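A.B. asks: Okay, handing you the structure first.
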Amino acid sequence: MKKVYFIGAGPGDPELITLKGARIIREADVVIYTGSLVNPEVMRSVKEGCAVYDSSGMTLEEVTGLMITSVSRGKTVARVHTGDPGIYGAICEQINILQAHGLDFEIVPGVSSFVAAAASLKKEYTVPGVSQTVILTRVEGRTPVPEEQRLGELSVHKGSMAIFLSVHMIEKVVEELLCGYGEDAPVAVVQKASWPEEKIITGTLGNIAQKIKDVGIDRTALILVGDFLGEHDHRSRLYDKTFSHGYRKGSGPDSEPDEMGPEAR
C-alpha cells in the first residue's frame, strides 16, 4: 500500500526545500498543498499526470478524504505544508484521521520560517552569554493558549523568542511582552522570510507597533524579540584554544577533556 508524506516545503524560497521533500513531490501521484502559503514554484516539478490540489479552500474532512481515497487506490500522496509541518502545521488532526483508517504516513521535515528569518537578519538565536533558549510561540487569538504559556509568562525568561501568527495583533503582543523584556528590548518583524518580496522592520518594543502599522504589515510575518538581535562579541567555548573537548586538547587551565564532546558551548 502507498502512503501519505507530510512535507515541509520551507519558508518560501523554492531552493530551501529538502532534497527528500523535492524528490517525493516529483514522484507523487497526488499533491495537496497549502496554496495560500507555499510558493507555487515548488509545485512546478510535479510529474505529468499528477493530480494537484490547493487545500486553502478545503476542509479537514475534504483533505483527509482525498488522502484516504488516493492511498486506497494505490497512489502516493504528498501533503505539502509551508515551513516545517511540525510547527503550526495542523498535522496532528490529519494524522489522527489517517491512523484511524490504518493508513501509513511519513513526515519529511522542512526549514521553518523562524530559522529563515534569523538567516535574513544574519543573527544567531543562541549567542553565548546572551541567550541559550529559543521560544516558539504565538499570542492567543481564535486558537486558545494555555494560561501558563501566555506571552507575559514566557517573557520573564528573556530568551530569544519567535512569535508566529500574531503580527495582526501587534499591540497585544507588545503589551504582554513589556512586563518581561521592557520597552527597550530589540524587536524585528520579518514578513515572508526568504521570498523575493521579503520585508524586515526593526525597532524596540516601545516603537515596533507603530512601525508595523506605518508599512501595513498584518500577515505572513514573524515577530522576533530578545537581546540576540543586538550586537555582541561573546565567544563560545567550542573553538576556544584554551578549552578541551573530545576532539581537541586545549592549552589553558580549563583543559581537561569535556565529556560532552565538541558541542560543548
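The values are calculated or read from the model by the stated rules, or taken from the named source; none is laboratory data. Given the structure is predicted, the values throughout are model-derived calculations rather than measurements. Reconstructed Cβ throughout: ideal geometry from the backbone, glycine too, with neighbour counts over all protein chains shown.
A.B. asks: Answer yes or no as to whether residue 32 is in contact with a Leu (Cβ under 7 Å, 6 or more places away or on another chain), more than 16 Å from residue 113 (Cβ to Cβ) and crowded, with 17+ Cβ neighbours inside 10 Å.
C.D. replies: Considered against the rule, which asks whether it is in contact with a Leu (Cβ under 7 Å, 6 or more places away or on another chain), more than 16 Å from residue 113 (Cβ to Cβ) and crowded, with 17+ Cβ neighbours inside 10 Å, residue 32 comes out as yes.
A.B. asks: From the list 225, 173, 167, exactly one residue is among the hydrophobic types (A, V, I, L, M, F, W, C), under 21 Å from the mean Cα position of the chain (by Cα) and within 22 Å of residue 82 (Cα to Cα). Which is it?
C.D. replies: Working: 225 fails: within 22 Å of residue 82 (Cα to Cα); 173 fails: within 22 Å of residue 82 (Cα to Cα).
Answer to the selection: 167.
A.B. asks: Right, here's the next one. In segment 112-124, is there at least one residue being touching a residue at least 60 places away in the same chain (Cβ under 8 Å) and either loosely packed, with under 13 Cβ neighbours inside 10 Å or in contact with an Asp or Glu (Cβ under 6 Å, 6 or more places away or on another chain) (or both)?
C.D. replies: Yes, segment 112-124 contains a residue that is touching a residue at least 60 places away in the same chain (Cβ under 8 Å) and either loosely packed, with under 13 Cβ neighbours inside 10 Å or in contact with an Asp or Glu (Cβ under 6 Å, 6 or more places away or on another chain) (or both).
A.B. asks: Search segment 142-164 for residues being in a loop (DSSP other than H, G, I, E, B), surrounded by 15 or more Cβ atoms within 10 Å (Cβ to Cβ) and not basic (Lys, Arg), and hand back the single one that is modelled with the highest pLDDT.
C.D. replies: So the first thing to find is which residues in segment 142-164 are in a loop (DSSP other than H, G, I, E, B), and the list is 142-146, 150, 156-159.
Next, only the ones that are surrounded by 15 or more Cβ atoms within 10 Å (Cβ to Cβ) stay: 145, 158-159.
Keeping just the survivors that are not basic (Lys, Arg) gives 145, 159.
Numbers: 145: 91, 159: 95.
In this case the residue turns out to be 159.
A.B. asks: Identify the single condition in (1) closer than 28 Å to residue 196 by Cβ; (2) in contact (Cβ under 8 Å) with a residue 40 or more places away in the chain; (3) surrounded by fewer than 23 Cβ atoms within 10 Å (Cβ to Cβ) that residue 106 does not satisfy, given that it satisfies every other one.
C.D. replies: (1)
A.B. asks: Please specify each residue of segment 175-206 satisfying the condition of being more than 10 Å from residue 223 (Cα to Cα) and either basic (Lys, Arg) or crowded, with 18+ Cβ neighbours inside 10 Å (or both).
C.D. replies: 176, 177, 180, 181, 185, 186, 192, 193, 194, 199, 205
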